[in-house]
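In what follows, a single structure is set out as structure tokens and then discussed.
The values are calculated or read from the model by the stated rules, or taken from the named source; none is laboratory data. Since we're looking at a predicted model, the values are computed, not measured. Here the Cβ is made from the backbone with ideal geometry for all residues, glycine too, and neighbour counts use every protein chain on show. Keep in mind that these areas ignore ligands, DNA and RNA; they rest on the heavy atoms of the full protein, side chains included. Shrake-Rupley method; radii C 1.70, N 1.55, O 1.52, S 1.80 Å.
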Amino acid sequence: MSTHTPLYYRPEIDGLRSIAVLAVVLYHFGITGLQGGFVGVDIFFVISGFLIGGLLWREGQSNGAISLKRFYMRRIKRLAPAYVAMAMASLIVGYIVLLPFEFREFGKSLIAATVYLSNVNFFREAGYFDSASEDKVLLHTWSLSVEEQFYIVLPILMVLLLRKPLGLRALLWVSFAVSLIACIWMTTRSQPAAFYLFPFRAWELLAGVLLAIESQRRTLPQNGALSWVGLILILVSIALIPASAQFPGWHAIGPVLGTVMLIANGQHDNPVNRALSQKWPVAIGLISYSLYLWHWPVLTLSSYYRGGYSNGLETAFWLLLSFALAYLSWRFIERPFRRSNLSPWPTFGAAALVSGALVGVGGVVFIKDGMIERFSDPLRTHIDASADFLQDWSRCTVPVSGPFEGLEVCPIGPEGEPQILVWGDSHVRALKEGLELAAYEASAPALLIWRAGCAPIFGLIKDETSATPAQDAACSSANTQIETALKQEPFDTVLLVGRWGYYANGGGIGLDESNKISAQVRETSGNQSEQIAQGLVASIDALEEVGTEVFLLAPIPEIGRYDSRQIARALAGNRLSEIDLNNATIAARSEVDARSTPLREAFQSVAETGATLLDPIPYFCDSATCSALHEGKAQYFDNNHIVNSAALRIRELFTEVFARGTSQ
């Protein structure tokens, strides 16, 4: 057994890096058997904490001081050159192939990644209408931002507590425990926050830091069996941990603990460490940073342009290209800059200039809305639709008291006490511009309350594939609170809006048929569609009993095969014939009507008992078909949400709602 000497180069750590980066890269390229390959990032966090934390601790204990100037110079030389090369290449290719909506978002993410706020940016974007991850060229930079935020905090703490090593160690141990507990707690409440944000990931880096400190304070006993256990934990995590709303949480403990075990016993002479120290694992480990940087833009931009990979050979080609670019990046960019003799202040100055340039370019791309002038007119209607889904929600608030305490409420129309409530799911968002203008035209203050995937039905309990358990529970809780509020302090008028066919049929249609929802309604019976119908009728009856006039918006027609972004991409890449385009932009009227069949009797019932049913069908359909286009202009963002211009066009549908509100 060899003595633990952390001052020496440890090839098995580069071998461990190879496992981490291969897990991530092969997982992203869709290689089967690696459903948990994303935990490679967690392995990287521990390795990073061990190496950087150990370096800082060693410097402080040996020299009695830590040079922050030298530390950050090393970080810039290590990370910035390869990142800049990748970002510039992605910018050039993105300009050529990305549509304005995605290119605009690329500009924003370029700014965030360059100033190490990428994780915050992608956390804020995470949600119901978030672009698919494969459209985000710089998504992978979130982990780099987490690391750099950590290395802003850690060195400063170590400098401040350099003379109090016991206090520093105690603070780091407490921070580790608090971060781990917070991660587990937050995963069940806001998985995107737990996944992306530094406070909930800090424990993984701290695991490496604490291991480095303790291993320098004393010689840790080496145990070959623990190397095997650590390797097994990592491999099992890579193979079995699912990409779900339960990660990171408890699931992240496995790969982190396995990595700690491997590093802690890394100098024991055993088959695991010998294998990790071999030529090829070490070689891949050496290029792991560049490989991580380059593989994701190669994957996203190529699959975006190609409309996905056609076969395994094509996948292999782009995978090999990622490795080639990684080697070139390491050989001609990463390694030369790391070995350069550039002193601190010129390094800082060059980094500031280049970063400023990237931020400036990103700002131009964002401000110019992704430079739509790059594309010809036939594409414009679908491109415009992909960008015509942003609304101004600056008037929204979350009351700290009152019947709607804790719920986001959004005033529309003129200032004043609202007597009209529009309550519903994400279709309220889609209609917002039309509803607001109708409220202004009628001089009727109103209030919007909406929650994605949450039907405006009292007593609703749901389990939705596109939502976390916490979001499902929040839907039920919010509906109960709204029920209490509307019975105790009734509005004069309430408009109910929902994707009713989705709830009644238990899922989406066409492009979003994989979205499933299981729903029950308290004090009802029968199957799901019957419970939704009974719950809707009962909710309207309850509102009418307290003197509220109720309006119900019938379903917006669903154009199952339409998505403005997918259509625009396919047209830009010449992958869509005129026949296919026509098929994607229309739906048979019979198909549209069938989605509402389970609720037809309910709609008739509420209309007969005094509620007013508003029918949007005439605005989008004739007797044979329904269309995503109106006078040549796209009216839909995806297959069920209309865009702002369509909401404005059909706002007369709501004239009676706001007229009644002003007359009472």
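Condition first: part of a helix (DSSP H, G or I), within 13 Å of R75 (Cα to Cα) and either out of contact with any Phe, Trp or Tyr (no Cβ under 9 Å at 6 or more places or on another chain) or of a type in the set (V, I, T) (or both). Now tell me which residues in segment 336-349 satisfy that. Passing the criteria: F337, R338, T347. One residue stands out in segment 23-64 among those that are free of Cβ contacts under 8 Å to residues at least 40 places away in the same chain and not in a helix (DSSP H, G or I): the one that is least open to solvent (accessible area, probe 1.4 Å), namely I31. If you go through segment 566-594 and keep only what is part of a helix (DSSP H, G or I), open to solvent by less than 30 Å² (accessible area, probe 1.4 Å), modelled with pLDDT of 85 or more and not polar (S, T, N, Q), you end up with I567, A568, A584, V592. Among the residues that make up segment 207-216, is at least one of them polar (S, T, N, Q), open to solvent by less than 60 Å² (accessible area, probe 1.4 Å) and in a loop (DSSP other than H, G, I, E, B)? Scanning segment 207-216 turns up no residue that is polar (S, T, N, Q), open to solvent by less than 60 Å² (accessible area, probe 1.4 Å) and in a loop (DSSP other than H, G, I, E, B). The single condition among (1) aliphatic (A, V, I, L, M); (2) over 17 Å from M88 (Cα atoms); (3) surrounded by 20 or more Cβ atoms within 10 Å (Cβ to Cβ) that L293 does not satisfy is (2).
Per-residue answers, yes or no, for (1) within 30 Å of R217 (Cβ to Cβ); (2) in contact with a helix residue (DSSP H, G or I) (Cβ under 8 Å, 6 or more places away or on another chain); (3) outside any helix (DSSP H, G or I); (4) not aromatic (F, W, Y):
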site: R124; (1), (2), (3), (4): no, no, no, yes
site: T141; (1), (2), (3), (4): no, yes, no, yes
site: V146; (1), (2), (3), (4): yes, yes, no, yes
site: I156; (1), (2), (3), (4): yes, yes, no, yes
site: R163; (1), (2), (3), (4): yes, no, yes, yes
site: L171; (1), (2), (3), (4): yes, yes, no, yes
site: A182; (1), (2), (3), (4): yes, yes, no, yes
site: M186; (1), (2), (3), (4): no, yes, no, yes
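Of all residues in segment 65-100, which are within 30 Å of L390 (Cα to Cα) and open to solvent by less than 30 Å² (accessible area, probe 1.4 Å)? Walk me through how you get there before you give the answer.
Of all residues in segment 65-100, those within 30 Å of L390 (Cα to Cα) come to 86-100.
Of everything in segment 65-100, those that are within 30 Å of L390 (Cα to Cα) and open to solvent by less than 30 Å² (accessible area, probe 1.4 Å) turn out to be M86, A87, S90, G94, V97, L98, L99, P100.
Scanning segment 408-430 for residues that are among the polar types (S, T, N, Q) and not in a helix (DSSP H, G or I) yields one hit, Q419.
Search segment 380-412 for residues being over 27 Å from the mean Cα position of the chain (by Cα) and of a type in the set (A, V, I, L, M, F, W, C), and hand back the single one that is least open to solvent (accessible area, probe 1.4 Å). In this case the residue turns out to be I412. For segment 484-501, a residue qualifies if it is open to solvent by 10 Å² or more (accessible area, probe 1.4 Å) and either part of a helix (DSSP H, G or I) or among the β-branched types (V, I, T) (or both), and the qualifying residues are T484, K487, Q488.
Condition first: hydroxyl-bearing (S, T, Y) and farther than 17 Å from S48 by Cα. Now tell me which residues in segment 64-82 satisfy that. Talk me through it step by step, then tell me what you get.
Our first condition is that a residue be hydroxyl-bearing (S, T, Y); within segment 64-82, this holds for 67, 72.
The one that is hydroxyl-bearing (S, T, Y) and farther than 17 Å from S48 by Cα: S67.
Screening L16 on (1) over 23 Å from the mean Cα position of the chain (by Cα); (2) over 22 Å from V260 (Cβ atoms) shows it passes everything except condition (2). Of all residues in segment 415-437, exactly one satisfies the criterion of being out of contact with any strand residue (DSSP E or B) (no Cβ under 9 Å at 6 or more places or on another chain) and among the small types (G, A, S), namely G416.
Taking the numbered list (1) touching a residue at least 60 places away in the same chain (Cβ under 8 Å); (2) surrounded by 21 or more Cβ atoms within 10 Å (Cβ to Cβ); (3) in a helix (DSSP H, G or I) in turn, Q481 passes all entries but (2).
Of the residues that make up segment 262-282, is at least one open to solvent by 30 Å² or more (accessible area, probe 1.4 Å), more than 21 Å from A85 (Cα to Cα) and of a type in the set (A, V, I, L, M, F, W, C)?
Looking for residues that are open to solvent by 30 Å² or more (accessible area, probe 1.4 Å), more than 21 Å from A85 (Cα to Cα) and of a type in the set (A, V, I, L, M, F, W, C), one finds at least one in segment 262-282, hence yes.
If you check V550 against the conditions, is it part of a helix (DSSP H, G or I), more than 20 Å from N639 (Cβ to Cβ), open to solvent by less than 50 Å² (accessible area, probe 1.4 Å) and not acidic (D, E)? Steps first, answer last, please.
Details: part of a helix (DSSP H, G or I): no; more than 20 Å from N639 (Cβ to Cβ): yes; open to solvent by less than 50 Å² (accessible area, probe 1.4 Å): yes; not acidic (D, E): yes.
Against the criterion (part of a helix (DSSP H, G or I), more than 20 Å from N639 (Cβ to Cβ), open to solvent by less than 50 Å² (accessible area, probe 1.4 Å) and not acidic (D, E)), V550 does not qualify.
Checked against (1) within 19 Å of L91 (Cβ to Cβ); (2) surrounded by 15 or more Cβ atoms within 10 Å (Cβ to Cβ), G360 passes all but a single condition, namely (2). Does G107 meet the test of being more than 21 Å from R338 (Cβ to Cβ), more than 20 Å from the chain's Cα centre (by Cα) and either surrounded by fewer than 23 Cβ atoms within 10 Å (Cβ to Cβ) or not hydroxyl-bearing (S, T, Y) (or both)? Against the criterion (more than 21 Å from R338 (Cβ to Cβ), more than 20 Å from the chain's Cα centre (by Cα) and either surrounded by fewer than 23 Cβ atoms within 10 Å (Cβ to Cβ) or not hydroxyl-bearing (S, T, Y) (or both)), G107 does not qualify.
Would you check which residues across segment 509-547 are touching a residue at least 12 places away in the same chain (Cβ under 8 Å), of a type in the set (G, A, S) and either open to solvent by 10 Å² or more (accessible area, probe 1.4 Å) or part of a helix (DSSP H, G or I) (or both) and list them? The answer is G510, S514, S518, S529, A533, G535, A538, S539, A542, G547.
Mind listing just one residue for me: the one in segment 431-471 that is among the acidic types (D, E) and assigned to a helix (DSSP H, G or I) and, of those, most open to solvent (accessible area, probe 1.4 Å)? Break it down into steps so the answer makes sense when it comes.
From segment 431-471, those among the acidic types (D, E) are 433, 436, 441, 463-464; that's our starting set.
Remaining after also requiring assigned to a helix (DSSP H, G or I): 433, 436, 441.
Values: E433: 50, E436: 28, E441: 112 Å².
Only one residue tops the list, namely E441.
Quickly run through segment 363-379 and pick out the residues that are open to solvent by 50 Å² or more (accessible area, probe 1.4 Å) and farther than 16 Å from F106 by Cα. Spell out how you get there, then give the answer.
Within segment 363-379, the subset open to solvent by 50 Å² or more (accessible area, probe 1.4 Å) is 364, 366-369, 373-374, 376-378.
The answer is E373, S376, D377, P378.
For segment 340-357, how many residues meet the condition of being open to solvent by less than 50 Å² (accessible area, probe 1.4 Å) and more than 27 Å from the chain's Cα centre (by Cα)?
Initial filter on segment 340-357 (open to solvent by less than 50 Å² (accessible area, probe 1.4 Å)): 340, 344, 347-351, 355-356.
Next cut, more than 27 Å from the chain's Cα centre (by Cα) only: 340, 344, 347-351.
Summing the residues that are open to solvent by less than 50 Å² (accessible area, probe 1.4 Å) and more than 27 Å from the chain's Cα centre (by Cα) in segment 340-357 gives 7.
Could you tell me whether any residue of segment 410-426 is among the hydroxyl-bearing types (S, T, Y) and over 25 Å from E513 (Cβ atoms)? Can you show your working first?
Step one: list which residues in segment 410-426 are among the hydroxyl-bearing types (S, T, Y), which gives 426.
Going one step further and asking which of them are over 25 Å from E513 (Cβ atoms), we end up with none.
Scanning segment 410-426 turns up no residue that is among the hydroxyl-bearing types (S, T, Y) and over 25 Å from E513 (Cβ atoms).
Scanning segment 221-253 for residues that are under 18 Å from L34 (Cα atoms), assigned to a helix (DSSP H, G or I) and open to solvent by less than 20 Å² (accessible area, probe 1.4 Å) returns G230, I234, S237, I238, A252.
Within segment 639-655, the set of residues being buried (at least 18 other Cβ atoms within 10 Å of the Cβ) and either of a type in the set (S, T, N, Q) or modelled with pLDDT under 95 (or both) comprises N639, N640, N644.
So that you can scan it fast, the table gives a plain yes or no per residue for (1) at pLDDT 95 or above; (2) closer than 19 Å to G49 by Cβ:
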| site | (1), (2) |
| --- | --- |
| L235 | yes, no |
| I241 | no, no |
| I253 | yes, yes |
| L257 | yes, yes |
| L276 | yes, yes |
| G285 | yes, yes |
| S290 | yes, no |
